[in-house]
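The values are calculated or read from the model by the stated rules, or taken from the named source; none is laboratory data. Keep in mind it's a predicted model, so treat the numbers as computed, not measured. Here the Cβ positions follow ideal geometry from the backbone for every residue, glycine too, while neighbour counts run over all protein chains shown. Accessible surface is based on the protein model in full, side chains and every heavy atom, while ligands, DNA and RNA are left aside. Shrake-Rupley method; radii C 1.70, N 1.55, O 1.52, S 1.80 Å.
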Amino acid sequence: MPTTPPSLRPGDQVAIVCTARKVSREELLPAIGILESWGLQVVLGESVTAAHHQFGGDDALRARDFQRQLDDPAIRAILVARGGYGTPRIIDLIDFSRFSQDPKWVAGFSDITTLNCHLLRLGHESIHGVMPFIFAQEGGGDAVESLRRALFGEPISYAVPTHPLNRPGTADGELVGGNLSLLQTLSGTPSDVSTAGRLLFLEDIEEYLYSVDRMMVHLDRAGKLRDLAGLIVGHFTNPQDNAIPFGQTCYEIIDTYARKYQFPVAYGFPVGHEPANLALICGRRARLVVGEMGTTLDYV
């Protein structure tokens, strides 16, 4: 079983860093206020004020900053400021040996799927959840609250309306997944994770429909779907199409491959690049129940 980092307590220090796209301190002020209202002390890494093209500093700086927060025993959680692109460029520069002796929460989504998967590969839970850059976005209050509950170890249970493409059933398994394009990018690397017997969740943004199909073909051919316990399909935001239409929606594309197998499937789960982005604990065992009246997800 993956190890669970200690829950946060009031007074704990949490760090905000950039492992991908750059961000300014001013853009993080709303998130800093929210975190402080939870009783936390916020430490801003040097990558927050750095810039190298679109990145929060060059690769060496971003890796050094993340390493510093990993190794500092006073830092009890690391929140990645925003996604974009850049985390796969530095993941092999990070030494997780000290972290493995004293695990702490790492949270983020999108490009941070890299960290979620790498940490699970090393045997540690992490949080796929909303990032400080968008804490204050309109309609995102439930997402921020779900992150707080995950960080502080409070009970979490989700109920989601039914969807026409759902396949009913019940499944138990550890949660794994995140951004579809990142999962494909990590395939065959030291950050790749097994999906066998697990609950896989997927989301993405602004991908061409044919690309979604291509990535699902890849996951299927790589055996990532064959032995799933269950599949959770989140937001596929703002999909793109060619001049000659692909002919299927993102959900219909995914259904093409999911229907080859017998595991339960829940569509329309509130996770991904929209304000409704509920925190999921990667590596935590959960029970997925897909019924006629809707879907529930509870940790077990």
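Pairs of alpha-carbon atoms within less than 8 angstrom and 6+ residues apart define the contacts here; what relative contact order does the range 157-299 have, in percent?
Numbers: 298 pairs, mean separation 56.5, N = 143.
This gives 39 percent for the range 157-299.
Ranked from largest, the principal axis spans of the Cα set of the range 13-152 equal 35, 33, 24 Å. A Cβ-based charge dipole, computed about the Cα centre of the chain with Lys and Arg at +1 and Asp and Glu at -1, lands at about 580 debye.
Each residue of the range 263-272 was assigned a 3J(HN,Hα) from its phi angle through the Karplus expression (A = 6.51, B = -1.76, C = 1.60, θ = phi - 60°), giving 6, x, 10, 10, 9, x, 6, x, 9, x Hz with x at Gly and Pro. Excluding ligands, DNA and RNA, the accessible surface per residue across the chain is 40 Å² with a 1.4 Å probe.
For the chain, the longest principal axis of the alpha carbon atoms and the long axis of helix 141-151 meet at an angle near 70°. Near ALA77, once Lys and Arg are set to +1 and Asp and Glu to -1 for all other residues with Cβ below 13 Å from its Cβ, the sum equals 0.
Scalar couplings 3J(HN,Hα) for the range 219-235, obtained by applying the Karplus form with A = 6.51, B = -1.76, C = 1.60 to θ = phi - 60°, are 4, 5, 5, 7, x, 6, 9, 4, 10, 5, 7, x, 10, 10, 10, x, 6 Hz; x denotes Gly and Pro.
Every pair of different Cα atoms in the range 218-269 enters the Kirkwood calculation, which places the hydrodynamic radius at 12.3 Å.
Taking amide H as placed 1.01 Å from N in the peptide plane, ASN277 has its amide H under 5 Å from the amide H of ALA143, each at least 5 places away in sequence or on another chain. Spatial offset of the range 135-159 relative to the range 180-214 amounts to 24 Å, using the alpha carbon center of each.
Here the spin labels are modelled as points 7 Å beyond Cα on the Cα-Cβ line, and at TYR261 and GLN248 they lie 1.6 nm apart. Determine, at each q value in 0.07, 0.15 (inverse angstroms), the log₁₀ of I(q)/I(0) that the Debye formula gives when each Cα of the chain is one equal point scatterer. Values returned for q = 0.07, 0.15 Å⁻¹ are -0.24, -1.17. In terms of its C-alpha gyration tensor, the range 248-300 comes out oblate, because a/c is 1.5 or above while a/b does not outweigh b/c. From most to least packed by mean Cβ count within 10 Å, the peptides 213-221, 116-124 give 116-124, 213-221.
Provide TYR257, TYR267 ordered by accessible surface of protein heavy atoms (probe 1.4 Å), highest first.
Working: TYR257 35, TYR267 5 Å².
Largest to smallest exposure gives the sequence TYR257, TYR267.
How large, in Å, is the range 157-299 by the Kirkwood hydrodynamic radius built from its alpha-carbon pairs? One decimal place: 15.1 Å for the Kirkwood radius. Mind checking the angle between helix 25-37 and the chain's longest principal axis? C-alpha axes, 0 to 90 degrees, to the nearest 10. Result, in degrees: 90. Only helical runs count toward this figure. For the chain, summing -39,500 (n - 2.57) over DSSP H runs of n ≥ 4 and dividing by all residues gives -8000 deg cm²/dmol at 222 nm. For GLU207, the shell of other residues with beta-carbons less than 12 Å away shows a net charge of -4, using +1 for Lys and Arg and -1 for Asp and Glu. From zero up to wherever the largest Cα-Cα distance of the range 1-65 sits, split into 5 Å bins and tell me the percent of pairs in each. Calculated over all Cα pairs of the range 1-65, the distribution is 4, 18, 23, 17, 17, 14, 7, 1 percent.
In a DSSP loop and with at most 11 other Cβ atoms within 10 Å, the GluC sites (Glu not before Pro) in the range 108-157 are GLU138.
Karplus-derived 3J(HN,Hα) values for the range 287-300, using 6.51 cos²θ - 1.76 cosθ + 1.60 with θ = phi - 60°, are 10, 9, 10, 10, x, 5, 8, x, 10, 10, 9, 9, 7, 10 Hz; glycine and proline are entered as x.
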